[in-house]
1. Which residues, taken from region 87-135, are under 13 Å from Gln73 (Cβ atoms) and touching a Pro at 6+ places or on another chain (Cβ under 7 Å)?
2. Looking for whichever is touching a strand residue (DSSP E or B) at 6+ places or on another chain (Cβ under 8 Å) and either part of a strand (DSSP E or B) or open to solvent by less than 60 Å² (accessible area, probe 1.4 Å) (or both) here; the options are Phe117, Phe81. Which one fits?
3. Those residues that are part of a helix (DSSP H, G or I), open to solvent by 10 Å² or more (accessible area, probe 1.4 Å) and not polar (S, T, N, Q), I need them from region 130-144; list them, please.
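The values are calculated or read from the model by the stated rules, or taken from the named source; none is laboratory data. All values reported here derive from a predicted model rather than from experimental measurement. Neighbour counts run over all protein chains shown; Cβ positions are idealised from the backbone, glycine included. Ligands, DNA and RNA are stripped out before the accessible areas are found, and what is left, the full protein with its side chains, is counted by its heavy atoms. Shrake-Rupley method; radii C 1.70, N 1.55, O 1.52, S 1.80 Å.
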Amino acid sequence: MLLRAANVVRGNATSKAPSGKPAPNSSLLLTENEQSIGGPPPLMDKLTPPERELVLKQGRRKVLNRGQTLFSQGAKHDGIFLIESGRVRVFYTSPLAREITLAYWHAGNFVGGPEVFEDGVHQWSGVASTNCCVVHLPGKELRTLATSIPNLAIGLIEGLSFKGKCYSALAQMLGTRSITQRLAHLLLHLMELYGVADPDGTVIAAAFTPADLAHMVGATRQWVTISLKRMQEKQIVLAKRSQIVVCRPDVLDEMRGHSSE
């Protein structure tokens, strides 16, 4: 398996909410490790109500519109951002300005690592892929809180451990799987997460452009556009109202496991 959603409250076979939208605290990322599907619990999950109140008092709430930058690669680092609502895309930009999406993180997750305190610079960037509300927990205050609230420290360690394994798996997968396989699996999993029944198949009811897909599978936007056009010609997928409809998931399933460049 290539792309899975880490649903931090995953207890059912699927990570979709009844409406077809992902669970509010799920995360979309590339990994071949089935053990990474569950993901860590939300950072604040194990805290008592008084502990949560204490943590949030030290934070600074920030609202972002879709497309607004939360933090930038190379900028000075200071603490983490706890996502309360919305979705944040974390990505790395190469010296040649090519991007690779590391993950999409949802409510309950934190972003801004691997540093979680006040030193260092950001190793990648974070941008709001939907309208978001986050709480910035500055590094100095976070360090103090972590020393006095053991479950907060454990949550930070679990979150960083999970992210480290996911980003390692991403690097391994990019080096061992073809782009075609990655795109086929990405479409299948987006269908699983965001799928809504449609007369022509299953529509992916989420705003992911060809550029978004390209950044997730490590390809160019042109390559993804051409590949989707070829899939449509073979009636595997269908472009409908600026969304993708998966018509033949069985064919995509074969492509993700057996195709080659």
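1. Matches in region 87-135: Gln123 only.
2. Phe81
3. Start the filter on region 130-144 by keeping residues that are part of a helix (DSSP H, G or I), which leaves 139-144.
Within this subset, residues satisfying the condition of being open to solvent by 10 Å² or more (accessible area, probe 1.4 Å) are 140-141, 143-144.
If the condition is that a residue be part of a helix (DSSP H, G or I), open to solvent by 10 Å² or more (accessible area, probe 1.4 Å) and not polar (S, T, N, Q), then Lys140, Glu141, Arg143 are the ones that fit.
Let's see how each residue does on (1) hydrophobic (A, V, I, L, M, F, W, C); (2) open to solvent by 40 Å² or more (accessible area, probe 1.4 Å); (3) over 17 Å from Thr101 (Cβ atoms):
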{"position": "Ala207", "(1), (2), (3)": "yes, yes, no"}
{"position": "Arg221", "(1), (2), (3)": "no, yes, no"}
{"position": "Glu233", "(1), (2), (3)": "no, yes, yes"}
{"position": "Ala239", "(1), (2), (3)": "yes, yes, yes"}
